[in-house]
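The values are calculated or read from the model by the stated rules, or taken from the named source; none is laboratory data. Just so we're clear, the structure is a prediction, and the values are computed from it rather than from any experiment. Here the Cβ positions follow ideal geometry from the backbone for every residue, glycine too, while neighbour counts run over all protein chains shown. Side chains are part of the model used for accessible areas, which takes the heavy atoms of the whole protein and leaves out ligands, DNA and RNA. Shrake-Rupley method; radii C 1.70, N 1.55, O 1.52, S 1.80 Å.
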Amino acid sequence: MTWELAEEHLEFRETCRAFTDRKVRPLVDGAEAAGTFPAELWKELGAAGLLGLVTPADHGGAEGDALAVALLAEELSRASGGIAVTVLVSAYMAGPHIVRSGTPEQQGRWLASLAAGEAVAAIAVTEPGTGSDVAAITSTARRTPDGWVLDGRKMFITNAGLADVLVVAARSGGPRHGGITLFLVERDTPGLSFGRPLAKMGWHSSDTREVVLDGVEIPADAVLGAEGRGFHQIMEGFQLERVALAAMGLGHAAECLDLARAYVRDREAFGAPLAHLQTIRHRIAAMEIGLEAARLVTYQSAARLDAGHPEAAASVARAKYLAAVTANRVVDDAVQLFGGAGFVEESPVARHYRDARILRIGGGTDEIQLEILSRGMGS
């Protein structure tokens, strides 16, 4: 048994870090100020092989694994949560539904383009009135002689304004879990429209909007997977999504820990560097312990997901909860150590503080993860 990354994963982590340092970091300030994802990154990410880690090789992918996705998420998030989540939603939250459930025609239409950064995907599940209760969605899919008509509203949809294709969940049958189907809806489909970008606390460089389905007519072959199995497909997709979000927390925490270490070495108070104060050194040590614990749990969850381990879902829930909570605590400690300098927008720790907060909500709240882990306790 080893708790260390294998050589191939260590090398991949270095590839991700080098790409982030060279290609992503120089664009962060401009993307945050403009409130947009830097479009030139898509093809660079594709050329570097970072968009097809779970895509079959015959569709231009690298046939990687969940641990590789976690490493990519961690490194991208060290630079920017908004940029990271834009990439991850397209390649590892929406795209994998086509990998797992798409017909050969659907896969041929989209997978190579998504892996190359020539197309962008989004997943539209969340609705204004349902939140965490996926089984309660009210958007409808009505069968017609030519296919389907979709009606409803989706809210908080990342990449909505960028996506060439959306994975849309709608109710095609009865109530709750068994009545939901997934559909592929292309951007220019009549009746599909988008609200203005939402002004968010964090992830300023990501695109988040309302999606409106108003009589959206799609062909019969737009069904993604099996009719009525959409809820189960969504739950399956949540596993990799939650690993990626947990790893984003690692990235925010790791970056803030590095920034805090450098700051307390250089910043003087009472005639000496802050690092000379025991209380400061102990806080840094506690931040490091929390980060390393969350990292081990997150990497384990990815490895178990890859291996089909019977406890994979519990491991993923544990990682999603722990990494999100730990990230928020570590970035908060970093702001505290920076003092007033950490409270101004120019400070990177302020951006990480804003970006990390959503990780306890998106992809399944803290409460959802705790419910997964505690099921059966009261029976």
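As a test of understanding, state the convex hull volume per residue of the range 186-344 from its alpha carbons, in Å³.
Output value, Cα hull per residue: 141 Å³.
Taking amide H atoms as placed 1.01 Å from N in the peptide plane, list the residues 5 or more away in sequence, or in a different chain, whose amide H sits under 5 Å from that of residue 363.
Placed amide hydrogens put nothing under 5 Å from residue 363.
Dipole magnitude of the chain about its Cα centre, charges +1 at Lys/Arg Cβ and -1 at Asp/Glu Cβ only, in debye to the nearest 20?
Computed about the Cα centre, the dipole is about 880 debye.
Quick one: if you take sqrt(5λ) for each eigenvalue of the C-alpha gyration tensor of the range 170-272, what semi-axes come out, biggest first, whole angstrom?
Semi-axes, largest first: 44, 19, 10 Å.
Counting just the Cα atoms, what span does the range 284-375 cover along each of its three principal axes? Round to the nearest Å and put the largest first.
That works out to 47, 24, 21 Å along the principal axes.
Per-residue counts of other Cβ atoms within 10 Å, averaged by peptide: what ranking do you get for 85-91, 248-254, highest first?
Going from most to least packed, we get 248-254, 85-91.
Across the range 172-189, in residue order, what do the Karplus-derived ³J(HN,Hα) couplings come to in whole Hz, using 6.51 cos²θ - 1.76 cosθ + 1.60 with θ = phi - 60° and x for Gly and Pro?
3J(HN,Hα) across the range 172-189, in whole Hz: 9, x, x, x, 6, 4, x, x, 10, 10, 9, 9, 9, 10, 7, 4, 8, 5.
Counting only heavy atoms of the protein chains, get the accessible area per residue of the chain (1.4 Å probe) and round it to a whole Å² value.
Spelled out: the 1.4 Å probe surface of the chain, per residue, equals 44 Å².
With N denoting the number of residues in the chain, provide Rg(C-alpha) divided by 2.2 N^0.38 Å, to two decimal places.
The chain yields a ratio of 1.00.
Principal axes first, then extents: for the Cα atoms of the range 57-191, list largest minus smallest coordinate on each axis, whole Å, largest first.
Rounded to whole Å, the extents work out to 42, 32, 27 Å.
Rank by packing, highest mean first: peptides 120-128, 215-223, with packing defined as the count of other Cβ atoms within 10 Å averaged across residues.
Ranking, from highest mean packing down: 120-128, 215-223.
Can you work out the Karplus-derived ³J(HN,Hα) for every residue in the range 191-208? Use 6.51 cos²θ - 1.76 cosθ + 1.60 with θ = phi - 60°, whole Hz, and x for glycine or proline.
These are the phi-based 3J(HN,Hα) values: x, 8, 9, 9, x, 6, x, 7, 7, 10, 4, x, 6, 4, 8, 9, 9, 10 Hz.
Working out 0.36 nm times the residue gap between residue 130 and residue 8, then minus their Cα-Cα distance, what length gain in nm do you get to one decimal?
Between residue 130 and residue 8, full extension yields an extra 39.8 nm.
Evaluate the range 1-59: find the radius of gyration of its Cα atoms, find its Kirkwood radius, and give the ratio Rg to Rh.
Reported Rg/Rh (Cα atoms, Kirkwood Rh): 1.08.
Using a simple spin-label model with points 7 Å from Cα along the Cα→Cβ vector, what separation in nm is obtained for residue 267 and residue 186?
Between residue 267 and residue 186, the simple spin-label model gives 5.4 nm.
Whole Å is fine, so just give me how far the alpha carbon centre of the range 296-335 lies from that of the range 50-82.
17
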